[in-house]
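Beneath this line is the structure, given in structure tokens, with notes to follow.
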Amino acid sequence: MQNIRLSKDHCSVIILDQTRLPNEETYCTLRTRRELFDAIYTLQVRGAPAIGIFAAFALYILASDIKTDNYAAFDQAFDEAVAYLKTARPTAVNLFWAAKRMRNIVKSNAGVSVIEIVDLLKKEALRIQQEDIAMCRAIAEHGLRLLKDGSRILTHCNAGPLATSRYGTALGPILLGKERGLHFKVYADETRPLLQGARITTYELSCAGIDVTLICDNMAAAVMQRGLVDAVFVGCDRVAANGDVANKIGTSGLAVLASHYKIPFYVLGPSSTIDISCPNGDHIDIEERDGAEICEQYFTQRMAPEGVRCYNPAFDVTDNALITGIVTEHGILTAPYTEQIQALFHRQEAH
Ligand code: MRU
């Protein structure tokens, strides 16, 4: 199933609505500024790489709707569309990364007709998606080296195919290993409050025929203590230049537990999730969401008194000292992360 694609007439983006899983596989056709923004904000499309891919398609759609053939007017209207879309969610750097790539297309083609620029934007969005497929596949290959037949993996939130293009990041090695005849056992945290683990990770893994057991977030320590986990695999929304990692709220706690129980803790993500301009985790903007997600959503009736104050950060930052390795499409980074990340970026620049 393709989670993000252009409609046949190339005038809209079609996505699998992740808010309705696992009960309904509903596809939404999105076209207007508001619909495209809301899809990111409400998590119809979610997961850092998927947000980046979607943002690229969304910016192509918005560009094709700009009614001018004057470059300066087009450039200004496109910048406004970019600025608007970037406010949808603050933490996953892939949104900003994809927006920058799309903006570069416009800026570097000043002498070209608007109609051709719009076509170049479409090609760039498709390229971003194709590159993500290749990156996920490479991450899966590198991550698979960390597992063996029978490995038991604990994961948090959802970093599978639906959060990317194909394979996923944290789930990629598990899915690839399964294709090669290996058997794994996965513990999936439900991931409060929006239940990406319960709703999406268990759905993806069950569809792939992988042995998956759902646990509540507060059961991870008990499962680790009983010796049932060989490794923790999680995704990432932004990796700072020193290797601190922002990921779904609860990830940092898992890393502390894994360190206590001496279980390797791996972060898997494409190099586009590394924000070299961000020195450390303190500089990562953490999204804070509506308290209704804690009190009301997914309950048949309210579960907390009306008006109770809620604190609902969507992400947390895991200290690089707790991370055994960061698996990217280029291989596995280990401490010291600052040096390894710098070397990776220098190699990429030299290419
Ligand atoms: O709020 P979400 O569901 O977008 O959060 C997603 C995560 O935290 C994922 O672990 C991360 O984006 C990596 S997805 C490959």
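Computed from the coordinates by the stated procedures, all read-outs in this text should not be read as laboratory data. Bear in mind that the values here come from a model prediction, so they are computed numbers and not experimental data. Note that each Cβ is placed from the backbone with ideal geometry, even for glycine, and that neighbours are counted across all protein chains shown.
Taking amide H positions as modeled 1.01 Å from N, with prolines and chain starts lacking one, the residues under 5 Å from Phe315 and 5 or more places away or on another chain are Ile249, Glu287. Pair-distance distribution of the chain: all C-alpha pairs, bin width 10 Å, starting at 0; shares per bin in whole percent are 5, 25, 34, 24, 9, 2, 0. Of the chymotrypsin sites (Phe, Trp or Tyr not before Pro) in the stretch 266-351, the ones in a loop by DSSP (not H, G, I, E or B) with at most 15 other beta carbons within 10 Å are Tyr298, Phe299, Tyr311.
Sparse packing (at most 12 other Cβ atoms within 10 Å of the Cβ) combined with a DSSP loop state is found for the following GluC sites (Glu not before Pro) in the stretch 261-351: Glu306. If I fit a long axis through the Cα atoms of helix 71-86 and take the longest principal axis of the Cα atoms of the chain, what angle between them do I get, 0 to 90°, rounded to 10? Roughly 20 degrees between the two axes. Compute the acute angle (0 to 90°) between the alpha-carbon long axis of helix 251-260 and the principal axis of greatest extent of the alpha-carbon atoms of the chain; round to the nearest 10°. The angle comes out near 30 degrees.
Rounded to whole numbers, the Karplus 3J(HN,Hα) couplings from phi for the stretch 322-338 are 8, 9, 6, x, 10, 9, 10, 5, 8, x, 10, 8, 10, 4, x, 5, 4 Hz, using 6.51 cos²θ - 1.76 cosθ + 1.60 with θ = phi - 60°, and x at Gly and Pro. Computed from the Cβ-Cβ distance with R0 of 25 Å, the FRET efficiency linking Gln348 to Asn104 stands at 0.95.
The residues Ser271, Ser113, Ser64, when put in order of fewest to most other Cβ atoms within 10 Å, stand as Ser113, Ser64, Ser271. Residues whose amide H comes within less than 5 Å of that of Leu6, counting only those at least five positions distant or on another chain, are Ile14 (H built at 1.01 Å from N in the peptide plane). In whole percents, the pair-distance distribution calculated for the stretch 237-351 from its alpha-carbon pairs, binned every 10 Å from zero, is 14, 38, 25, 16, 6, 1.
Using the Karplus relation 6.51 cos²θ - 1.76 cosθ + 1.60 with θ = phi - 60°, the per-residue 3J(HN,Hα) values for the stretch 56-67 come to 5, 5, 4, 5, 5, 4, 5, 5, 6, 8, 7, 8 Hz, with x marking Gly and Pro. Comparing Arg152, Arg226, Arg137, which has the greatest mean-square fluctuation in the GNM of the chain with Cα pairs linked when under 10 Å apart? Looking only at Arg152, Arg226, Arg137, the biggest GNM fluctuation is shown by Arg226.
Between the helical axis of 114-144 and the longest alpha-carbon principal axis of the chain there is an angle of about 10 degrees. The string of couplings for the stretch 21-35 from the Karplus curve (6.51, -1.76, 1.60, θ = phi - 60°) is 6, x, 6, 9, 9, 10, 9, 10, 9, 10, 9, 7, 3, 5, 4 Hz, one whole number per residue in order, with x for Gly and Pro. A DSSP coil position with no more than 11 other Cβ atoms inside 10 Å describes the following trypsin sites (Lys or Arg not before Pro) in the stretch 261-351: Lys262, Arg302, Arg309.
Taking each DSSP H run with n ≥ 4 as -39500 (n - 2.57) and averaging over every residue of the chain yields -12000 deg cm²/dmol at 222 nm. Summarising the amide proton neighbourhood of Gly325: residues at separation of 5 or more, or on other chains, whose placed amide H is nearer than 5 Å comprise Phe265, Val267. Using bins of 10 Å that start at zero, the share of Cα-Cα pairs per bin across the stretch 4-136 amounts to 13, 47, 33, 7, 1, in whole %. Across the stretch 138-350, the mean sequence separation of Cα contacts (distance under 8 Å, 6 or more residues apart), normalised by length, yields a relative contact order of 22 percent. Ellipsoid fit via the Cα gyration tensor, the stretch 162-257: semi-axes of 20, 17, 14 Å, each the root of five times an eigenvalue, largest first.
At an R0 of 35 angstrom, the distance between the Cβ atoms of Leu126 and Asp211 translates into a FRET efficiency of 0.50. Multiplying the residue separation of Gln2 and Ala321 by 0.36 nm and removing their Cα-Cα distance gives an extension gain of 111.2 nm.
Here Leu268, Leu154 are placed in order of increasing Cβ neighbour count within 10 Å, fewest first, which gives Leu154, Leu268.
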